[in-house]
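Notes follow the structure.
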2 protein chains.
Amino acid sequence: MTEPVVAPGRARGGRRDEILVTFTRHVAERGYDRANFGDVAAELGMSKGTIVHHFGTKDRMLAEVQERYMRRRLDEAHAFLGRLSAPDERVAAFVHAGVRYSTDEPATTVAFQREVVRLTDEPGMETARAQRDAYRDLVVAVLQDGAEAGVFVPGDARLRSLQMFGSLHWMWTWFDPAGRLRPADVAAEFTRTLLRGLGVGEERVAAVADPDGPVARCVAEVCAPRS
Amino acid sequence: MTEPVVAPGRARGGRRDEILVTFTRHVAERGYDRANFGDVAAELGMSKGTIVHHFGTKDRMLAEVQERYMRRRLDEAHAFLGRLSAPDERVAAFVHAGVRYSTDEPATTVAFQREVVRLTDEPGMETARAQRDAYRDLVVAVLQDGAEAGVFVPGDARLRSLQMFGSLHWMWTWFDPAGRLRPADVAAEFTRTLLRGLGVGEERVAAVADPDGPVARCVAEVCAPRS
DNA sequence: CTACTCTGCCCGTACGTGCGGTCAGTTCAC
DNA sequence: GTGAACTGACCGCACGTACGGGCAGAGTAG
């Protein structure tokens with residue numbers, strides 16, 4: 001569902017992408033430990049051996065899922081950071097982007113967020129871990145800059161980033177992309193509380209957090225390509 | 001570490017508590033799926049059969065961990081809600097309590113937070129799920145009351161509670177109880193950002209979020225008994 | 001065009017291992 | 001005697017993955 005398979009029949013990479021997509025969904029639904037080759041193979045009408053042929057081990061498959069996910073998030077972050085320069089707009093963009101992903105690529109997002117903890121210790125996850133650290137550094141830098149520029153109240157940028165990431169990474173446990181709440185509305189509410197909490201004035205908060213405002217639109221454009 | 005074992009040698013319940021404590025630590029360190037009877041038994045110098053004798057199945061063991069954890073959190077919440085009446089103080093207390101637990105009972109807290117997702121679907125978790133819902137309802141009610149009383153800016157209390165829980169439940173991935181950051185400081189920073197974000201005035205925020213202020217002390221007293 | 005070979009995708013099966021859970025039996029306190 | 005605590009051997013199964021082979025298309029020599 002997340003990405004159209006390259007082409008039916010014989011295509012570059014064959015059913016590789018198909019396997020990754022299905023595996024990702026299984027991880028999202030059951031978690032990594034309970035996801036297994038047998039079920040994925042059965043669902044795709046192929047042999048377990050095929051999966052091994054393409055990916056080698058289960059670990060590497062997860063690593064690839066994480067790396068692809070982080071790669072997209074990083075590209076997207078750099079894209080909207082290039083278009084927005086005000087710290088409060090940038091923070092708002094990070095929140096909007098974080099929420100959007102839950103709808104745009106629900107399976108990949110849930111799979112990633114469920115299993116982020118493996119980035120910290122598991123070997124073979126170095127690349128994904130580095131990507132994640134880079135992303136976190138982007139956010140910390142924005143918070144730091146904002147505090148130094150006087151846009152935000154002084155405070156610990158790292159702690160604030162963790163507070164913010166927590167809210168977003170926790171979404172997978174409760175957010176239903178098919179539910180009544182539009183992601184933009186969740187993002188707006190989160191952004192309002194966060195920016196106000198960082199000391200941004202009320203009228204500015206309303207403008208920047210607007211679910212149909214320029215920041216939301218900028219993020220939407222940047223994230224639009226995939227679907 | 002979390003609770004003193006009832007008594008050495010032959011005591012009421014035998015080594016039951018000991019088993020639960022060790023199992024909890026293993027779940028905290030490796031996650032439920034990778035925690036296993038064999039390792040727990042080996043570490044305690046007993047047979048796997050003993051564990052089965054006391055708990056029946058692995059599922060029930062986890063359920064008991066979750067229920068004990070939630071029971072304590074609920075008792076504690078009712079205790080400080082009984083002592084504090086202002087909505088902003090109550091919110092601050094929830095944050096302080098949430099952070100405190102990461103230090104007071106690190107293993108149990110991590111075990112719980114790692115595996116909360118199982119509360120939503122897994123059967124046999126009804127009790128723990130109900131406890132968790134009750135806890136969430138307490139928080140939502142406080143946020144709702146505060147908004148209606150004009151202490152907080154109007155907004156979706158449920159979303160705000162989820163934003164708040166996210167920050168706290170995410171802590172297990174980064175917070176090190178033995179690190180340089182004191183839990184009270186983390187709680188204070190989180191509380192400041194949150195209360196300001198809810199529209200509480202700056203001087204009030206400073207007073208309520210104070211890591212050595214009355215709210216923090218109240219929570220400390222309520223939580224003190226165990227450890 | 002034909003035949004031969006090479007290569008990469010894919011299949012089926014089989015193996016080893018780890019783990020949850022069973023069970024018959026022993027020890028020990030009351 | 002009675003029952004709870006505990007043991008250790010054992011079962012069955014699920015799952016990751018190793019392995020040998022089949023098959024289709026591309027490249028190449030004649």
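Where a number appears in this text, it was derived from the coordinates with a stated rule and is not lab data. From a predicted model like this one, the values you see are computed outputs, not experimental measurements. Here the Cβ is made from the backbone with ideal geometry for all residues, glycine too, and neighbour counts use every protein chain on show.
Structural remarks
- Since only B:Leu143, B:Val208, B:Val99 are under comparison, the one whose Cα sits farthest along the positive direction of the charge dipole of chain B, derived from C-beta charges on Lys, Arg, Asp and Glu, is B:Val99.
- Semi-axes of the equivalent ellipsoid for chain B, computed as √(5λ) from the eigenvalues of its C-alpha gyration tensor and ordered from largest down, come to 35, 18, 15 Å.
- Listed residues A:Pro154, A:Pro87, A:Pro106, most fluctuating in chain A (Gaussian network, C-alpha, under 10 Å): A:Pro154
- Summing Lys and Arg as +1 and Asp and Glu as -1 over all other residues whose Cβ lies under 15 Å from the Cβ of B:Thr191 gives a net charge of +1.
- Take A:Ala42, move 7 Å from Cα toward the beta carbon, and the resulting point lies 3.1 nm from the same point in each other copy, nearest first.
- From its DSSP helices (H runs of at least four residues, each -39,500 (n - 2.57)), the protein assembly as shown gives a residue-normalised ellipticity at 222 nm of -22000 deg cm²/dmol.
- Each other copy places its own label point for B:Pro123 at 4.1 nm from this one, sorted shortest first, where the point lies 7 Å along the Cα-to-beta carbon line.
- Rounded to 10°, Cα long-axis angle of helix B:87-104 versus longest principal axis of chain B: 30
- Whole-number Å³ per residue for the convex hull built on Cα positions in segment B:16-55: 57
- Euclidean distance between Cα centres, segment A:60-108 to segment B:131-192, Å: 25
- Applying a DSSP loop filter and a limit of 14 other Cβ atoms within 10 Å to the GluC sites (Glu not before Pro) in segment A:156-227 leaves nothing.
- A simple spin-label model places the labels of A:Glu203 and B:Arg136 3.9 nm from each other, with each point 7 Å out along Cα-to-Cβ.
- Degrees separating the helix B:126-148 axis from the principal Cα axis of chain B, which is the longest one: 10
- The label-point distance for A:Asp145 and B:Glu221, in a model that sets each label 7 Å from Cα toward Cβ, rounds to 4.7 nm.
- Take the Cα of B:Arg30, go 7 Å toward its beta carbon, and the backbone nitrogen atoms of segment A:19-48 under 15 Å from that spot belong to A:33-34.
- Dipole of chain A, positive direction: furthest Cα of A:Ala130, A:Leu81, A:Ser47, with charges on the beta-carbon: A:Ser47
- Chain B: angle of helix B:183-197 to the longest principal axis, Cα-based, in degrees nearest 10: 40
- Listed peptides A:63-72, B:72-81, A:91-100 by packing density, highest first (mean Cβ within 10 Å): A:91-100, A:63-72, B:72-81
- Copy-to-copy label separations for A:Lys58, where each label sits 7 Å from Cα toward Cβ, in nm and ascending: 1.1
- Restriction of the trypsin sites (Lys or Arg not before Pro) in segment A:130-227 to DSSP coil positions whose beta-carbon has at most 16 other beta-carbons within 10 angstrom yields A:Arg180, A:Arg226.
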